[in-house]
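These notes are about the structure you will find just below.
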Amino acid sequence: MEIRGAAIATILGNGAGMLVSLYYYLSGKTLLRPSFTYIRPTAEILREIFWVGVPATLETLLTSAAYIVNNNLAVQYGELTVAAMGIAQKILSLGNYIYQGFAAGTQPIMGYNYGARNYRRMLDVLKAGVMVVSGTELCVMAIYGIFAPQLIGIFTQSPEVIATGSRVLRNIMCILPFVGAISMSRMSFQAMGKPQYAFGITLVRQLLLYVPLLVILNRLFGFGGMIKAQPITEMIMMAVSVGLLYHVITGKARHENIGADRG
């Protein structure tokens with residue numbers, strides 16, 4: 001069924017996943033069971049959901065907008081270049097799923113300890129999380145760097161697309177050790193009930209850094225400059241986001257210690 005079959009398979013896959021989840025919850029194997037009596041959210045709960053969910057939604061929208069700019073700039077270098085960049089981005093997404101999993105794993109730990117005012121452990125989780133995510137993604141980078149032509153070749157037989165895609169992948173793969181720490185910091189802010197910081201990271205990352213760098217580096221250095229915009233953005237944002245999270249945690253700890261001393 002070609003592309004139509006892929007669309008149907010996507011719908012069936014998501015539907016099957018939903019049914020499995022519903023069966024698990026309705027079978028009584030969980031601490032909480034869904035009930036129609038709970039489908040009456042209060043204004044406070046809705047406000048909290050929106051306050052946390054809006055930054056994540058905007059991140060997706062801004063990321064999509066940045067990709068639109070990226071693709072429009074790539075068009076000037078030919079359709080094969082656009083195809084090569086698309087393949088490289090898809091392969092890179094496998095590495096993205098790894099850091100997203102680690103970031104999601106640190107989110108509840110940071111939230112629990114923030115509620116318990118255990119700031120020392122939060123700092124330990126921050127340090128361990130950055131080391132684990134960055135170390136894992138360095139291994140993924142090594143695989144991408146060595147086997148880039150073979151990976152691109154899975155999706156196309158065109159020598160030009162393979163050559164361009166390998167070049168793109170070897171440039172943009174440099175984001176992996178940095179972007180994981182950014183995602184972990186953003187999710188930690190959401191878990192701490194501070195989505196304004198998560199939104200600030202998203203806004204600065206996509207609108208104030210990545211898109212302007214795309215345009216400027218493309219104009220100054222052509223295609224080679226354009227594909228370096230994302231790695232430069234992520235290197236800067238890792239320092240900003242991790243530093244901001246560290247500052248917020250230590251500032252909170254100092255504030256409460258001062259309050260305890262005065263008491």
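Among the residues here, VAL240 does not qualify as assigned to a helix (DSSP H, G or I) and either within 19 Å of LEU92 (Cβ to Cβ) or free of Cβ contacts under 8 Å to residues at least 24 places away in the same chain (or both).
The helices (runs of 4 or more DSSP H) found entirely in the stretch 96-197 that carry 2 or more residues being basic (Lys, Arg) and assigned by TED's automatic domain parsing to the domain that holds GLY222 are 119-153, 159-172.
Just one of the numbered conditions (1) touching an Asp or Glu at 6+ places or on another chain (Cβ under 7 Å); (2) closer than 24 Å to ALA229 by Cβ; (3) of a type outside the set (A, V, I, L, M) is not true of ARG117: (2). From the list VAL204, VAL248, the lone residue that is more than 18 Å from ALA65 (Cα to Cα), in a helix (DSSP H, G or I) and hydrophobic (A, V, I, L, M, F, W, C) is VAL248. Residue count for the stretch 70-81 under the criterion of being crowded, with 17+ Cβ neighbours inside 10 Å and hydrophobic (A, V, I, L, M, F, W, C): the result is 2. Do we find that PRO231 is in the same structural domain as LYS90 (by TED's automatic domain parsing) and in contact with a Cys (Cβ under 7 Å, 6 or more places away or on another chain) in this structure? Yes. Residues of the stretch 106-125 that are surrounded by fewer than 17 Cβ atoms within 10 Å (Cβ to Cβ) and in contact (Cβ under 8 Å) with a residue 24 or more places away in the chain: PRO108, ARG117, ARG120, LEU123.
ALA229 meets all of the listed conditions (1) in contact with a helix residue (DSSP H, G or I) (Cβ under 8 Å, 6 or more places away or on another chain); (2) under 30 Å from TYR112 (Cβ atoms); (3) of a type in the set (A, V, I, L, M, F, W, C) but one, namely (2). Among residues of the stretch 217-263 being of a type in the set (A, V, I, L, M) and over 24 Å from the mean Cα position of the chain (by Cα), the one that is modelled with the highest pLDDT is LEU220. Which of the residues spanning the stretch 50-85 are without any contact (Cβ under 8 Å) to a residue 40 or more places away in the chain, assigned to a helix (DSSP H, G or I) and more than 18 Å from the chain's Cα centre (by Cα)? Passing the criteria: PHE50, ASN71, ASN72, VAL75, GLN76, GLU79, VAL82.
Taking the conditions exactly as written (polar (S, T, N, Q), crowded, with 20+ Cβ neighbours inside 10 Å and farther than 30 Å from THR250 by Cα), does SER93 satisfy them or not? No, not satisfied.
Scanning the stretch 50-64 turns up no residue that is at negative phi, modelled with pLDDT of 90 or more and among the hydrophobic types (A, V, I, L, M, F, W, C).
Against the numbered list (1) crowded, with 16+ Cβ neighbours inside 10 Å; (2) touching a Leu at 6+ places or on another chain (Cβ under 7 Å); (3) closer than 30 Å to TYR77 by Cβ; (4) not acidic (Asp, Glu), LEU245 comes up short only at (3).
Number of residues in the stretch 208-243 that are closer than 20 Å to GLN196 by Cβ and either in contact with a Ser or Thr (Cβ under 7 Å, 6 or more places away or on another chain) or aromatic (Phe, Trp, Tyr) (or both) equals 3. Somewhere in the stretch 174-188, is a residue farther than 24 Å from VAL140 by Cβ and in contact (Cβ under 8 Å) with a residue 12 or more places away in the chain? No, the conditions are met nowhere in the stretch 174-188. Being among the aromatic types (Phe, Trp, Tyr), surrounded by fewer than 17 Cβ atoms within 10 Å (Cβ to Cβ) and more than 15 Å from the chain's Cα centre (by Cα), is that true of even one residue in the stretch 151-163? For the stretch 151-163, residues among the aromatic types (Phe, Trp, Tyr), surrounded by fewer than 17 Cβ atoms within 10 Å (Cβ to Cβ) and more than 15 Å from the chain's Cα centre (by Cα): absent.
The values are calculated or read from the model by the stated rules, or taken from the named source; none is laboratory data. As the structure is a prediction and not an experimental result, all values here were calculated from the model. Every residue, glycine among them, receives a Cβ derived from its backbone with ideal geometry; neighbour counts consider all protein chains shown.
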